[in-house]
Amino acid sequence: MPKAIWNGAVLAETERYETVEGNIYFPPESLHQEYFQPSSTHTTCPWKGLASYYSIVVNGQENKDAAWYYPDPKPAAANIRGYVAFWKGVKVEA
């Protein structure tokens, strides 16, 4: 079962996920919401659309924009609507 871990905390864990471009995307209900803070950062992917970000805060330490998701993806990426992926040192174990 994939799980995302940073700074000793399990951020997300699920048996139901999507893999896109080598990244595991976790469904929103699998997130431990207490670690996630909305960010004002946005980026654009030509085929997935506009990405939004979360910063991760664990034990007072912040990992800025370490998680991203597509709240309203383009049709080709509809399967990851609202799903969250990680980077910036967040370890994803499959």
Of all residues in segment 1-36, which are farther than 18 Å from Ala78 by Cα, in contact (Cβ under 8 Å) with a residue 24 or more places away in the chain and not in a loop (DSSP other than H, G, I, E, B)?
Lys3, Ala4, Ile5, Trp6, Ala9, Leu11, Ala12, Leu31, Tyr35, Phe36
So, in segment 1-52, of the ones that are under 12 Å from Val90 (Cβ atoms) and among the polar types (S, T, N, Q), which residue ends up least open to solvent (accessible area, probe 1.4 Å)?
Asn23
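The values are calculated or read from the model by the stated rules, or taken from the named source; none is laboratory data. Keep in mind that what you see is a predicted model, and the values were worked out from it rather than measured. Because the Cβ atoms are built from the backbone with ideal geometry, glycine has one as well, and the counts that use them run over all protein chains shown. These area figures cover heavy atoms from the full protein model, side chains too; ligands, DNA and RNA do not enter into them. Shrake-Rupley method; radii C 1.70, N 1.55, O 1.52, S 1.80 Å.
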